[in-house]
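Accompanying notes for the structure given below.
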Amino acid sequence: MPPSAKTPLAVRELLALLALTLSAFLLNTSEFVPIGLLTDIAGAFGLTESGAGLMISLYAWAVALLSLPLMLAASRVAPRALILCVIAVFCAGQVGSALAPSFELLVASRLVVAASHAVFWSVATPFAVRVVAPERASLAMSLIVTGTSVAMIFGLPLGRALGIALGWRMTFVCVAAAAAVVLASLAAFFPRLDPGEPFTLARLPELVRNRPLAGLYLATILFACGYYTGYSYIEPFLAQVAGTPDALITAALTVFGVAGLAGTWLFARLFDGHRRAFLSCTMLGVAAALLMLAPLAAWPAGPFVVCAVWGASATAFNVAAQAQVIRITSEDASTVAMSVFSGLFNVGIGAGSALGGLVCDAAGIGLVGWVGGAIALTGAIWCVARLGRMLERACA
């Protein structure tokens with residue numbers, strides 16, 4: 001008889017989930033930290049913000065290119081060995097980032113981190129679901145996404161504050177030290193799971209023919225591209241356009257992360273009963289936040305309002321999209337489907353970051369919100385007009 005949904009999590013299940021959640025926190029802290037320290041990193045190597053922002057684009061494109069091939073290779077590795085290897089590589093990349101004597105070597109170290117990122121976000125949600133009883137799948141997914149939100153609440157602002165106080169290199173040192181602790185925790189608590197059947201290239205057409213999945217992937221690219229057109233340059237935007245002091249920029253980024261927790265709560269409360277509307281509304285929320293970025297910049301509370309709407313909507317969309325990927329694919333295809341999702345998400349991040357840089361150089365940083373908002377609005381129209389019905393039929 002399956003355990004009751006009210007039965008407490010076994011201690012080992014809980015510890016394995018917490019270790020995965022902390023891993024998600026560190027992966028996202030590492031990904032976001034260069035955004036919060038973009039001005040300092042640019043200054044250290046004599047670059048403009050858009051020049052240093054290329055590091056964000058290259059990281060994202062590396063994840064996009066590596067996600068599928070690495071996951072196809074990794075599908076043959078036992079889950080426990082795989083997750084330990086991923087975090088070890090991540091730790092090595094942080095050490096390299098901290099020690100990099102040139103921008104080129106910093107980018108190279110970030111690409112090592114990108115390789116670990118590519119695999120981690122392909123397996124994190126499916127592995128989290130597998131370490132708990134089936135009725136706790138939503139809890140497991142929510143915890144992984146909570147790691148992302150907490151990274152925005154504490155990781156990015158803390159990393160930024162640390163970088164300002166002690167230099168940006170110390171931020172990477174601290175992330176590396178925390179990764180070593182997570183590696184030890186996973187070694188102690190992550191269970192030995194059945195690796196299952198390897199997913200081969202011959203089965204890729206199975207994903208290509210899944211029209212609702214293809215539609216969801218399109219929405220994801222538009223979401224990530226619009227989001228990161230603005231978000232990649234949020235720190236210099238707030239400083240230069242809104243005239244926000246350093247301390248308040250950190251506070252605004254913290255609001256972004258706290259709002260992400262609210263987005264996770266909204267997912268848990270509303271998604272199951274309103275799947276079709278949920279994706280559309282959250283995409284509309286991201287578009288609205290981006291389009292409000294410039295108009296509200298002159299109002300002292302404006303950046304905080306924008307970050308609250310943006311953070312809640314973005315996190316809610318992200319976890320809902322992942323839940324849909326798992327829902328509309330078979331169990332043995334879910335890790336590769338998530339790998340493609342992660343890769344395409346990073347295509348959007350890279351394109352958005354590059355587009356934001358072009359906007360900064362050609363038209364001025366004040367326009368990044370307008371451009372990003374137009375892209376996200378296109379995604380929202382796609383969700384409302386077509387995607388919602390496609391997903392509804394697939395899950396019927």
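The values are calculated or read from the model by the stated rules, or taken from the named source; none is laboratory data. Keep in mind the model is a prediction, meaning the values are calculated, not measured. Glycine gets a Cβ as well: all are built from the backbone with ideal geometry, and neighbour counts include every protein chain shown. Keep in mind that these areas ignore ligands, DNA and RNA; they rest on the heavy atoms of the full protein, side chains included. Shrake-Rupley method; radii C 1.70, N 1.55, O 1.52, S 1.80 Å.
Spot the failing condition for L58; the list is (1) surrounded by fewer than 19 Cβ atoms within 10 Å (Cβ to Cβ); (2) within 22 Å of L183 (Cα to Cα); (3) in contact (Cβ under 8 Å) with a residue 40 or more places away in the chain, and only one is missed. Condition not satisfied by L58: (2).
A single entry from S102, S97, S57 fulfils the requirement of being touching a Phe, Trp or Tyr at 6+ places or on another chain (Cβ under 6 Å) and of a type in the set (S, T, Y): S97.
So in the range 221-244, with the set limited to residues that are among the β-branched types (V, I, T) and surrounded by fewer than 24 Cβ atoms within 10 Å (Cβ to Cβ), which one is farthest from G388 (Cα to Cα)? Per the criteria, the residue is T244. Taken over the range 104-128, the criterion of being free of Cβ contacts under 8 Å to residues at least 12 places away in the same chain and touching a Gly at 6+ places or on another chain (Cβ under 7 Å) is satisfied by no residue. For S116, the criteria (1) open to solvent by less than 10 Å² (accessible area, probe 1.4 Å); (2) more than 27 Å from F317 (Cβ to Cβ); (3) modelled with pLDDT of 90 or more; (4) of a type in the set (S, T, N, Q) hold in every case but one, which is (2). Would it be correct to say that I349 is among the β-branched types (V, I, T) and either surrounded by fewer than 19 Cβ atoms within 10 Å (Cβ to Cβ) or more than 26 Å from V123 (Cβ to Cβ) (or both)? Here the answer is no, as I349 does not meet what is asked.
Which residue, of A202, A298, A247, is at pLDDT below 85, open to solvent by 10 Å² or more (accessible area, probe 1.4 Å) and outside any helix (DSSP H, G or I)?
On the way: A202 fails: outside any helix (DSSP H, G or I); A247 fails: outside any helix (DSSP H, G or I).
Just one listed residue meets the conditions, A298.
Comparison of V384, V347, V319, V325 shows that the only residue that is farther than 16 Å from R275 by Cβ and β-branched (V, I, T) is V347. Residue count for the range 164-194 satisfying the condition of being at pLDDT below 80 and open to solvent by less than 60 Å² (accessible area, probe 1.4 Å): 1. Quickly run through the range 205-220 and pick out the residues that are in a helix (DSSP H, G or I), open to solvent by less than 40 Å² (accessible area, probe 1.4 Å) and either modelled with pLDDT under 85 or over 30 Å from A19 (Cα atoms) (or both). Selection gives L207, P212, G215, A219. When you go through L65, L70, L9, L99 one by one, which is the residue that is surrounded by fewer than 21 Cβ atoms within 10 Å (Cβ to Cβ), in contact with a helix residue (DSSP H, G or I) (Cβ under 9 Å, 6 or more places away or on another chain) and modelled with pLDDT under 80? Step by step, each of L65, L70, L9, L99 is checked, and only L9 is surrounded by fewer than 21 Cβ atoms within 10 Å (Cβ to Cβ), in contact with a helix residue (DSSP H, G or I) (Cβ under 9 Å, 6 or more places away or on another chain) and modelled with pLDDT under 80.
How many of the residues in the range 102-113 are open to solvent by 10 Å² or more (accessible area, probe 1.4 Å), assigned to a helix (DSSP H, G or I) and closer than 17 Å to A52 by Cβ?
At the first step, the residues of the range 102-113 found to be open to solvent by 10 Å² or more (accessible area, probe 1.4 Å) are 102-105, 107-109, 111-112.
Among the residues that remain, those that are also assigned to a helix (DSSP H, G or I) are: 103-105, 107-109, 111-112.
Okay, now just the ones that are also closer than 17 Å to A52 by Cβ, so 103-105, 107-109, 111.
The total comes to 7.
In this structure, is G364 under 24 Å from A239 (Cβ atoms), open to solvent by 10 Å² or more (accessible area, probe 1.4 Å) and of a type outside the set (D, E, K, R)?
Numbers: under 24 Å from A239 (Cβ atoms): yes; open to solvent by 10 Å² or more (accessible area, probe 1.4 Å): yes; of a type outside the set (D, E, K, R): yes.
When the stated conditions are applied, G364 passes them.
Residue check: A124 meets all listed conditions (1) closer than 18 Å to T315 by Cβ; (2) of a type outside the set (K, R); (3) over 19 Å from the mean Cα position of the chain (by Cα) but one, namely (3). Residue count for the range 271-295 under the criterion of being crowded, with 16+ Cβ neighbours inside 10 Å, assigned to a helix (DSSP H, G or I) and not polar (S, T, N, Q): the result is 15.
Give the residue, chosen from T335, T329, that is open to solvent by less than 30 Å² (accessible area, probe 1.4 Å), closer than 28 Å to M141 by Cα, part of a loop (DSSP other than H, G, I, E, B) and in contact (Cβ under 8 Å) with a residue 12 or more places away in the chain.
Values: T335 fails: part of a loop (DSSP other than H, G, I, E, B).
Going through T335, T329 in turn, just one is open to solvent by less than 30 Å² (accessible area, probe 1.4 Å), closer than 28 Å to M141 by Cα, part of a loop (DSSP other than H, G, I, E, B) and in contact (Cβ under 8 Å) with a residue 12 or more places away in the chain: T329.
The residue pairs whose first member lies in the range 224-244 and is farther than 13 Å from G350 by Cα and acidic (D, E), whose second member is in a helix (DSSP H, G or I) and open to solvent by 10 Å² or more (accessible area, probe 1.4 Å), and whose beta carbons are closer than 9 Å, counting only pairs six or more residues apart or on different chains, are E235/T39; E235/E49.
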